[in-house]
């Protein structure tokens, strides 16, 4: 019984970690169709912001929830202005340019902070189920992820900003005829996506180890999840995270995390072979 | 197919020039280089071949594979495992080409028949590479072995036997001989690819790169052609891996790490997408830059990630075509040579 409860929490935790990893990319790649290969590095920067700020004496919640998204959002907007905006609509060039950005960010962080593992400890201590000890923070993380996605959904469906953003992604020319400046909308949307990525990096910092190259572990699974999600980026990402998170966590429980990752990839490739348009190409068609 | 040699054709002149340079290098190599340099040159030949494979599938097949290093690594590991088990190097050499090619065929089946587009393809190939990295790194235990060969995890396999004369497992090749073998293989691969690109198959592959839908309407099975081209590229990368391993007598999982995957893209990007000589020169230049950076004292701040990232960004912003096509454009503009007829600007 205890084992079942533990397994359920572990699976929910795996799903929330994967969904958090994908949140920013669902907007930048899923909605804007900008291939940001520096996604993992944005998460890494979010993680480092939390670690550095917390070690400097800032409250960990303020570091995670405010500083990380703020810092990475600003870095995201700078990158968009200086680099990414020149490549809109040129997929392959964006891919290479953002990969260059990713290596550059790793290089800069390595040069400043050094190439060794850092981290912060999770707040809020432990609780126990039977003989198992679990960190309360992991439970809270599940709740925060759920809230975050509800928030994203409401912003993009219920607010004027969300309407303008969605409209501009669908038809930039029509939007500019209506007096909206598409470049500004792209900039702001990219910034929001980057900020969400930074937030994810910050929130995951207490339960992961941070090194300059940590982004590589996030970027592949994030892209695969968002791609498998398909055109309805937000819904698709949630569904795909649910599926992959469950598979990976169950396999990891039975074997090792590495085999869990391998199985996730195999499942993803097979799913894409069966549903080339992604999950939302087949079901939940009219979702966001 | 027309193979009449027309000396007025600039493409033919280019081919003759490249062939002459390579042959000169082949015969002069052991005479002009001392042993230490020759050893480095052999490694450069292996990276040049890897660059060539990427130049082919990206520049001519239009397949942007982020995991070309995976096939390099698979080829290397296939050679290592086979040569340790067999005790001679001829069959392992063949295996180092066939195993990556077969794996690429399988992966290509899923990717191309699933009609994954450019981005998805890049992500899937990268993910496959990183999975190999993680997996091989975790195989340090006794239980991970194939035949007599232990995989050794992140420590890597060492004392791998090098090439021997075919049929004579006890007589290994000397560095001079290895140089000849490597250089001949590079020449064969280069002209083999040139031949392939002039054949029916190669022209269909280029047609698919230019316009996939149109090629499909003309009745070609795009998925099949891409899968085969991908597989050919993987075989060449595997051969490069085999050269690298047989000469180094060592391989570790770092061949699957992101650094090499990134460098391959850079070689082609810098040399010029859509050329074959460009990527080879690109690999040569960057390897030398890499070695030079390693000897500099200021390099403490300038780590390789920083330098490579900056190079990629500068090239993709300022010289997106790469050096060889740019040099060619400049030459056409400023030198009094006739623009080849039928050649696009």
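Rule-based calculations on the coordinates, nothing more; no lab input. This structure is a prediction, so every number in the text was calculated from the model and none was measured. As a convention, Cβ positions derive from the backbone with ideal geometry for all residues, glycine included, and neighbour counts pool all protein chains shown.
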Simple label model, 7 Å out from Cα along Cβ direction - residue A:134 to residue A:81, nm: 4.5 nm
Give me the distance in nm between label points sitting 7 Å out from Cα along the Cα-to-Cβ direction at residue A:207 and residue B:254, one decimal. 3.4 nm
When A:187, B:280, B:227, A:124 are ranked with the fewest other C-beta atoms within 10 Å first, the list becomes A:124, A:187, B:227, B:280
Taking only DSSP H segments of four or more residues, each worth -39500 (n - 2.57), what value at 222 nm results for chain B once the sum is divided by all its residues, to the nearest 500 deg cm²/dmol? -23000 deg cm²/dmol
Can you sort B:177, B:254 so the residue with the fewest Cβ neighbours within 10 Å comes first? B:177, B:254
Quick one: compute the contact order of the range B:1-103, relative version, from alpha carbon pairs under 8 angstrom and 6+ residues apart, as a percent. 15 percent
For the range B:21-80, what does the alpha-carbon gyration tensor say about shape, rounded, prolate or oblate, given a ≥ b ≥ c as the root eigenvalues, a/c under 1.5 as rounded, and a/b over b/c as prolate? oblate
Can you give the calculated 222 nm mean residue ellipticity of chain A, where each DSSP H run of n ≥ 4 adds -39,500 (n - 2.57) and the sum is split over every residue, rounded to the nearest 500 deg cm²/dmol? -23000 deg cm²/dmol
Points 7 angstrom from Cα along the Cβ direction at residue A:166 and residue B:90: gap in nanometres? 6.8 nm
Largest fluctuation, A:201, A:215, A:179 only, Gaussian network model of chain A with Cα springs under 10 angstrom, belongs to A:179
Taking every residue of B:121-130, the Cβ atoms of other protein chains inside 10 Å of its Cβ average out to 6
Can you tell me how chain B classifies by the Cα gyration tensor, rounded, prolate or oblate, using a/c under 1.5 as the rounded cut? rounded
So the FRET efficiency between residue A:116 and residue B:198, C-beta based with R0 = 45 Å and rounded to 0.05, is 0.30
Could you work out how far the C-alpha centroid of the range B:63-118 sits from that of the range A:66-113, in angstrom? 33 Å
Does anything in the range A:79-93 have its amide N under 19 Å from the 7 Å Cα→Cβ label point of residue A:181, and if so which residues? A:79-88
With Cα springs under 10 Å, the Gaussian network model of chain B assigns the largest mean-square fluctuation among B:212, B:143, B:88 to B:143
Using a Förster distance of 41 Å, the FRET efficiency for residue B:159-residue B:13 (Cβ separation, nearest 0.05): 0.30
Using Cα springs under 10 Å in a Gaussian network model of chain A, which residue among A:25, A:70, A:265 shows the largest mean-square fluctuation? A:265
Over the range A:2-214: Kirkwood hydrodynamic radius from C-alpha pairwise inverse distances, Å: 18.2 Å
Let a ≥ b ≥ c be the square roots of the eigenvalues of the Cα gyration tensor of the range B:1-152; is it rounded (a/c under 1.5), or, if not, prolate (a/b larger than b/c) or oblate? oblate
Ranked highest first by average number of other Cβ atoms within 10 Å, how do B:72-82, B:282-292 line up? B:72-82, B:282-292
Extension gain, residue B:168 back to residue B:211 (0.36 nm per residue minus Cα-Cα distance, nm): 10.5 nm
Within a 10 angstrom radius of each residue's Cβ in A:28-35, how many Cβ atoms of other chains show up on average? Whole number is fine. 1
Averaged across A:216-223, how many Cβ atoms of other chains sit within 10 Å of each residue's Cβ atom? 4
Rounded to a whole number, what is D in µm²/s for the range B:197-274 from Stokes-Einstein with the Kirkwood radius over alpha-carbon pairs (20 °C, 1.002 mPa s)? 144 µm²/s
Between the range B:161-220 and the range A:153-212, what is the separation of their alpha carbon centroids in Å? 46 Å
Any idea what the relative contact order of the range A:2-214 is, in percent, if you count C-alpha pairs under 8 Å spaced at least 6 apart? 44 percent
Expressed in angstrom and ordered largest first, the alpha-carbon extents of the range A:89-241 along the principal axes are 62, 39, 25
Per the Kirkwood formula over distinct C-alpha pairs, the hydrodynamic radius of the protein assembly as shown in angstrom is 26.1 Å
